[in-house]
Amino acid sequence: QKEVEQNSGPLSVPEGAIASLNCTYSDRGSQSFFWYRQYSGKSPELIMFIYSNGDKEDGRFTAQLNKASQYVSLLIRDSQPSDSATYLCAVNQISGGGADGLTFGKGTHLIIQP
Amino acid sequence: DAGVIQSPRHEVTEMGQEVTLRCKPISGHDYLFWYRQTMMRGLELLIYFNNNVPIDDSGMPEDRFSAKMPNASFSTLKIQPSEPRDSAVYFCASSLETAFTDTQYFGPGTRLTVL
């Protein structure tokens, strides 16, 4: 049974600061890791994905992966009120090179305080 | 592209009734996924298709749920008979087959309320 764990929050961060979101996963066979953002009443939208150990940067967002520790994180620099949302961590295990269904954590509710 | 299209956006029905949710994936995408989201259980994978063929339906909660994909541009998720515990937001997502990553694009969801 694949499990993805996230602190539900809420995580409150002042505007302009760095928000740090964390995620752990149980299945060592997981190969791809995703961060989705979901505004209240909306559908999840992809922020970024990572599949190699280390850091991956995209604008104000940095994903970090440590497969040995089974740990994924997302850093948001210069946090803005518009970043207030629920952040979902998701993992999958590619089978045979094709796509696979995602296993999601329950999400962390992030609040950026102006 | 219009993105993933789902209908209806909201559905209110009474216990015991049949419910059909519809999804049109992004044109050219090989994979289609059905998810369900509740406060208690979060976002859960129900079933997914590759080239219209069901690949993994282990997430379908019970026999009351069924899904079909008769062609590359249309899929349905049916609940018969519906129960109050089926109340949730149902999302459809699609993706392209890639060698490693498979970014999934979600539709707007169908909010189902079973009274």
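FYI, it's all coordinate maths here, none of it is from the lab. Just so it is clear, the structure is predicted and the values come from calculations on it, not from any experiment. Here the Cβ positions follow ideal geometry from the backbone for every residue, glycine too, while neighbour counts run over all protein chains shown.
By definition, a body whose alpha carbon gyration tensor gives a ≥ b ≥ c is prolate when a/c is 1.5 or more and a/b is larger than b/c, and chain A fits this prolate description.
Sequence-ordered 3J(HN,Hα) estimates for the range B:104-111 from the Karplus curve with 6.51, -1.76 and 1.60 and θ = phi - 60° stand at 9, 10, 8, x, x, x, 10, 8 Hz, glycine and proline given as x.
Quick check on the range A:1-50: take the gyration tensor over C-alpha atoms, sort the square-rooted eigenvalues as a ≥ b ≥ c, and tell me if it's rounded (a/c under 1.5), prolate or oblate. Let's see the in-between values first.
Values: a/c = 1.88, a/b = 1.57, b/c = 1.20.
It comes out prolate by the Cα gyration axes.
Can you give the mean number of other chain Cβ atoms that lie within 10 Å of the Cβ atoms in peptide A:13-20?
0
Run the paramagnetic zone check for B:D63: 7 angstrom along Cα to Cβ, then residues of the range B:81-98 with backbone nitrogen under 12 Å. Under 12 Å, as judged by backbone N against the label point of B:D63, lie B:81 of the range B:81-98. Dimensions of the protein assembly as shown from C-alpha coordinates, computed as largest minus smallest value along each principal axis and given longest first, are 49, 40, 36 Å.
If R0 is 35 Å, what FRET efficiency do you get for B:L96 and A:A17 from their C-beta distance, rounded to 0.05?
After rounding, the FRET efficiency stands at 0.45.
Partners of A:K106 within straight-line reach, counting aspartates and glutamates whose Cα lies under 20 Å from its Cα and excluding those fewer than 8 residues away in the same chain: A:E3, A:E5, A:D27, A:E45, A:D83, B:E44, B:D86.
When Lys and Arg each count +1 and Asp and Glu each count -1, what net charge do the other residues less than 10 Å away from B:F49, Cβ to Cβ, add up to?
On the way: positive: B:K68; negative: B:D30, B:D56, B:D57.
Neighbour charge sum, excluding B:F49 itself: -2.
Set the bar at 32 Å for Cα to Cα. Now go through A:K2/B:K68; A:K56/B:K78; A:K67/B:K68; A:K67/B:K24; A:K42/B:K78 and name every pair that lies beyond it. Table pairs above 32 Å Cα-Cα are A:K56/B:K78; A:K67/B:K68; A:K67/B:K24. Scoring A:80-86, A:54-60 by mean Cβ neighbours within 10 Å over their residues and listing the highest first yields A:80-86, A:54-60. Let a ≥ b ≥ c be the square roots of the eigenvalues of the Cα gyration tensor of chain B; is it rounded (a/c under 1.5), or, if not, prolate (a/b larger than b/c) or oblate? Judged from the Cα gyration tensor, chain B comes out prolate (a/c at least 1.5, a/b above b/c).
Neighbour counts of other C-beta atoms within 10 Å: give me A:F104, B:F74 arranged from fewest to most. Don't skip to the end; give the middle numbers.
Values: A:F104 25, B:F74 15.
The order, fewest Cβ neighbours first, is B:F74, A:F104.
If the elastic network links every pair of Cα atoms under 10 Å, which of B:G42, B:G59, B:G16 fluctuates the most in the Gaussian network model of chain B? Result: B:G42 has the largest fluctuation of those listed.
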